[in-house]
Each structure stands twice: as structure tokens, then as C-alpha cells.
Amino acid sequence: MRNLLRLRNVRIYLFGDVISTLGDNALWLAMAIWVKELTGSSAWAGLVIFCFTLGSLFSPLGGVLADRFPRRPLLICANLLAAAVVLLILLVHGRDLLWLVYLVMFGYGLIGAVTGPAETALLPQIVGEDLLAEANGLQQTLNQGLRLVTPLVGAGLFALVGGGVVAVIDAATFGAAVLSLLALRVNEPAPAGGVIAGEPAAAPDGDAGNGGDAGTDGDAGTDGGRLSAGFRFLAGEPVLRSITVALALVLLAMGFTESAGFSVVTVGLHHSASFVGVLMTVQGIGAVAGGLLAAPLLRRMTEPMLTGLALCTAAAAVLLLTLPNLATALVAMVLAGFVGPWVSVAATTALQRRTPPAVLGRVAGAFQLALTIPQLTSIGLGAALIAVVNYRVLLVAIAVVAVIAIGYLFATPETRRRVPGEPVGVAAPVAQTTP
């Protein structure tokens, strides 16, 4: 980590990311609380997060933009647009303009669908391939640490100054992100003629799931070709395909915890529903530790191996939560905290190492959508099942699905290699950063 933080670009990039993330998380909570106060309805408050998630479903289109334009200028424009969009909250003074809150949150998600793939594609240009795991791990550690404090920050700011001022503060954090991006010294390959120059094949053998090249001139001239390139690359690259399908399978069940969590607390542990907050804090502590451990683990194992370890940990955590014991539940939540950072660092690093730079934005956008849809489906299904199925059955079902996903993950020979091999998509040389 010391070598990472010696790099000027890394310090600047992480500063902007932390400030922006702090503002984002505070705004989401403040808007939900505000809607709850205006309407008295928890359902209307929950719709705030739904609108944001709905916007994030456009990540494949965001990936197209991330490959069509230089990533740093694209991120600058996206952050400026986000600052302008969030200031529309200042027009809301009552229930008659409540729709504007939902529109802003949808726009927030839509802009995030662009910034997510663009940031994933830009990071290798900032740190170089040898420090990718450390950079992703540190970013996860900082973000998970923020999750411990942003609920208090968001709720506290709303109580002190109201939703409008929170929106202004969030807009200022986007300004800080823009200044950080402007201060970066990065040389990016320039797009040529509307298509990324020299865009490579979708897979090493030039065939991505019998779909041809991922972005060659033959299909990149059409919107459909550009949009499908990320999906076809994921389908054609064995390791990325295995990680994507395995995580999608787990997320198709993991959303059950959103509903089962309250039953764990009230039925299993005999506490009030508010005790969920204590368990979430314990999980957050585990997540910070997981972020710190991710990079050292990736130095000793491949990305699929770390993904498999995370899924094993998730299965152990949910099985421990079936036991009506507080100490066991606290251990389970610490273990559950490890899962998110390990999965995120392993999957993101695999994407960045194995995907050619010219198509990385589209691959990241396709990957994001491939995981968002099963997660949303699982949350809705869990909310319906918890009314008719014992929560312990749902938790055991999650563990079973995790084991199936691990089996699928290592069914591919490439994912069973014990020593990390050469990346499948050889990245172009990155610009040297300035210490």
C-alpha cells in the first residue's frame, strides 16, 4: 500500500473518489428520510432507492460511452452534470414536487451507469497492472469505512440543515471530484473515427461465443455492435464468464437476506428490529478488514480463487445466522463483511487485467448489468417468500446456491490454475505516473 500511496495520481484520484462517495451516500439517505417525512410512507421512501437502481440498469450504454470517449474528460462532464442534476432538489418544497426527487435519483443512477464503467476503465491507466489489486483493495477499504459513518452523516445533516442544503453539499463533492480529475496526469489512447482505434477481438481465438469480434470494424460501426461487444467478450473469455455466472447465481439468492435479516433479529435473536443496525455496523467492520486483506490475498491466489473463497465465506456466514445465538450471529456478520470487498476486488481486477483497454468500458457495463438484474430479482422474491417460508430455509437456500456457484466457477480449467497466468487481454502500456 505504501508503494501505491507514493503515486501522486493515486492520492488525487482516491481523494476525489472518497469525497464524492461521502456526498452520494449522505444524499441517498437524506432523500429517503425526507420522502418519509413528506408522505409518512415507508414504501414511498423505498422508491427513492428503486429509482436510483433503475437508472443503473443502463450501465451497458454507459460502457459504450466509456469506450467511445476518453475516460477522464467523460468523468469530468458526468460529475458536472451530476452536480447540476442534484441541485434540482432545491425546487422541492412539498409533496407536490415529490416527483422531482425521484427524477433526480433516477438521473443519479443513470449518471452512475456512465461513471462506473469509466472509472473501472480509467484506473489501469492511473496505477498500472502491477498495482491494480492494491488500488481496488484500498478503494474498497475506504468505501466500506465510509459506510460506517455516512448513515450518521446523512441523517445528521438532514436533521440540521434539511434536504436542500444536503443537495448543495453533495453538488460541492462533485466539484471536488472534478478538480481531482483535472489534476490527474494521465495519457489516454484517443478514439479514432467514432470507434476505439485498434479495438481487439472479443476473445483470444477471435470468437466470443460464436459472435465474432468484440468490437472490430465489422460491427463497431453500428450501435448494436458497440453495445453487444461487452456481453460477447464476457461470454467468450473463460475466466470472466465463470466469475460473472457464479456471482449472478449467488446474487439470485443473496437478496433474500434483505428480508430474512429482520427475522434473524426478531425471531432468532429475540431483539427489536432496530438491532439490525448493530449487525450492519459489525458487518461494516468486517468489510473494512476485508478490503485491507483483499490485495494481499490476490498476491497469493488468482481472482477466481479469491472469488471462490468469498463465496465459501458467504455460505458459512448465512449458515451461522440460522443459529439462535448472539455471539454466533456477530461472527457471521464479520464474515459477511469480508464477502463484498473480496468479490468486488477479485472481479474488478479480473476485468481490468483480462480485458483490452479499448473495450473495457463496455465489458464493465455488461458485468454490472449482469449482476444488478439477479440482485433486484432476488430482493423482490425474498420479500414475497419471507411471508410463507421460514427464514432459516431461505438462509440454507443461499448457502446451497453458493456451493453450486463455486462448483460452476471451478468447472472451467482456466479458473483452476493455482498460479496466476498471463492476462488474456493484454493491456496496452499505461502511462507512467508521477510520484
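The values are calculated or read from the model by the stated rules, or taken from the named source; none is laboratory data. In this text the structure is predicted, and so the values were computed from the model without any measurement. With ideal geometry, Cβ positions are generated from the backbone for all residues, glycine too; neighbour counts draw on all protein chains shown.
Would you mind stating whether G164 is closer than 21 Å to V35 by Cβ, modelled with pLDDT under 80 and in contact with a Leu (Cβ under 6 Å, 6 or more places away or on another chain)? When the stated conditions are applied, G164 does not pass them. Quick one: would you say D96 is out of contact with any strand residue (DSSP E or B) (no Cβ under 7 Å at 6 or more places or on another chain), surrounded by fewer than 23 Cβ atoms within 10 Å (Cβ to Cβ) and acidic (D, E)? Yes.
Of the residues in the range 303-318, how many are over 16 Å from L335 (Cα atoms) and crowded, with 22+ Cβ neighbours inside 10 Å? Break it down stepwise before answering.
Applying the first criterion (over 16 Å from L335 (Cα atoms)) to the range 303-318 yields 303-305.
Filter once more, so that each one left must be crowded, with 22+ Cβ neighbours inside 10 Å: 303-304.
Qualifying residue count, the range 303-318: 2.
Within the range 143-160, at least one residue is of a type outside the set (S, T, Y), modelled with pLDDT of 80 or more and in contact with a Gly (Cβ under 7 Å, 6 or more places away or on another chain).
This table checks each residue for (1) at pLDDT below 95; (2) in contact with a Cys (Cβ under 9 Å, 6 or more places away or on another chain); (3) among the hydrophobic types (A, V, I, L, M, F, W, C).
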| position | (1), (2), (3) |
| --- | --- |
| P374 | yes, no, no |
| A384 | yes, no, yes |
| V388 | yes, no, yes |
| A405 | no, no, yes |
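One residue stands out among those in the range 26-56 that are modelled with pLDDT of 80 or more and of a type in the set (S, T, Y): the one that is farthest from L100 (Cα to Cα), which is S56. So, T328, is that one within 17 Å of A399 (Cα to Cα) and without any contact (Cβ under 8 Å) to a residue 24 or more places away in the chain or not? Yes; evaluated as a whole, the condition is true for this residue. State whether the residues of the range 2-13 include one that is of a type in the set (S, T, N, Q) and either loosely packed, with under 15 Cβ neighbours inside 10 Å or at pLDDT 85 or above (or both). Yes, some residue in the range 2-13 is of a type in the set (S, T, N, Q) and either loosely packed, with under 15 Cβ neighbours inside 10 Å or at pLDDT 85 or above (or both).
Of the residues V86, V35, only one is among the β-branched types (V, I, T) and touching a Phe, Trp or Tyr at 6+ places or on another chain (Cβ under 6 Å); which? Show your work before the answer.
Numbers: V86 fails: touching a Phe, Trp or Tyr at 6+ places or on another chain (Cβ under 6 Å).
Selected residue: V35, the only one of V86, V35 that is among the β-branched types (V, I, T) and touching a Phe, Trp or Tyr at 6+ places or on another chain (Cβ under 6 Å).
On the stretch given as the range 289-301, residues that are of a type outside the set (D, E, K, R) and surrounded by fewer than 21 Cβ atoms within 10 Å (Cβ to Cβ) total 6.
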